[in-house]
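Novice: Please read through the structure below; I'll follow up with questions.
The values are calculated or read from the model by the stated rules, or taken from the named source; none is laboratory data. Everything numeric here is computed off the predicted structure, so don't read it as measured data. All Cβ positions, even for glycine, are placed from backbone atoms using ideal geometry, and neighbour counts span all protein chains on display.
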Amino acid sequence: MNRAAVPKGSYGYIISGRKTGLIRTCILTGFCVGIFLLGLALTGTNRNIFSIIAALGCIPVGLSTVNMILFFRAKPCSEKAYQEIESHRGGLSIQYDLEMTADPTNFSIAAITVFGQTIAAYTEDQTLDVLDAQKHLRLQIGISSYHDYHIQVFHD
């Protein structure tokens, strides 16, 4: 496991994912282009085993590119909001930088916590439909057989 990576649910996860995704995508693309150019330089044509290896190398490049794009579309928790939440944390376990995907839309949740039968989430996305986000959370916890939770999503 990469010790420099920020764990999922921790503050800074989205920013870290953006950086590592960009670096990984650039390195993988460079390898594919390098292998293709090496084959072209050695044989003088693109009809060689190096071209096949480079083409197969495009599969992980594509996966890495999609992952990177998703990280760049996600909205991370701001430093100001993080400091404010941490100052009131107490003993609560808080998850940061969450992007919940649903069929019609995605929900950017800056922070979420559970206390007893209450789930409290905070979003900095002013365009987020709070009622849809609460409905989606209720559906997801219902799938896991958790019922009778009070769910509240807050804006600024």
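Novice: Say we look at the stretch 103-132 and pick out the residues that are modelled with pLDDT of 95 or more and small (Gly, Ala, Ser); which of these is farthest from the chain's Cα centre (by Cα)?
Specialist: The residue in question is ALA120.
Novice: Identify all residues within the stretch 109-156 that are of a type in the set (A, V, I, L, M, F, W, C) and in contact with a Lys or Arg (Cβ under 7 Å, 6 or more places away or on another chain); write none if there are none.
Specialist: Just the residues of the stretch 109-156 that are of a type in the set (A, V, I, L, M, F, W, C), to begin with: 109-112, 114-115, 119-121, 128, 130-131, 133, 137, 139, 141, 143, 151, 153-154.
Answer for the stretch 109-156, where residues must be of a type in the set (A, V, I, L, M, F, W, C) and in contact with a Lys or Arg (Cβ under 7 Å, 6 or more places away or on another chain): just ILE151.
Novice: Within the stretch 106-123, track down each residue that is surrounded by fewer than 13 Cβ atoms within 10 Å (Cβ to Cβ) and part of a loop (DSSP other than H, G, I, E, B). Walk me through it before giving the result.
Specialist: Just the residues of the stretch 106-123 that are surrounded by fewer than 13 Cβ atoms within 10 Å (Cβ to Cβ), to begin with: 115-118.
Across the stretch 106-123, the qualifying residues are GLY116, GLN117.
Novice: OK, next. Taking interchain pairs and intrachain pairs at least six residues apart, which have beta carbon atoms under 7 angstrom, with the first residue in the stretch 84-95 and at pLDDT 95 or above and the second in a loop (DSSP other than H, G, I, E, B)?
Specialist: Matching pairs, first to second residue: GLN95/GLY9.
Novice: With respect to LYS75, is the statement that it is out of contact with any Ser or Thr (no Cβ under 9 Å at 6 or more places or on another chain) and among the basic types (Lys, Arg) true?
Specialist: Values: out of contact with any Ser or Thr (no Cβ under 9 Å at 6 or more places or on another chain): no; among the basic types (Lys, Arg): yes.
Here the answer is no, as LYS75 does not meet what is asked.
Novice: Moving on. Just checking, does the stretch 18-41 include any residue being part of a helix (DSSP H, G or I) and closer than 19 Å to ASN106 by Cα?
Specialist: yes
Novice: Follow-up question, since we're still on this one. When you go through (1) part of a helix (DSSP H, G or I); (2) exposed (fewer than 13 other Cβ atoms within 10 Å of the Cβ) one by one for ASP103, which number turns out not to apply?
Specialist: (1)
Novice: Out of the residues in the stretch 55-100 meeting the condition of being part of a helix (DSSP H, G or I) and hydroxyl-bearing (Ser, Thr, Tyr), tell me which one is nearest to LEU139 (Cα to Cα).
Specialist: Result: TYR82.
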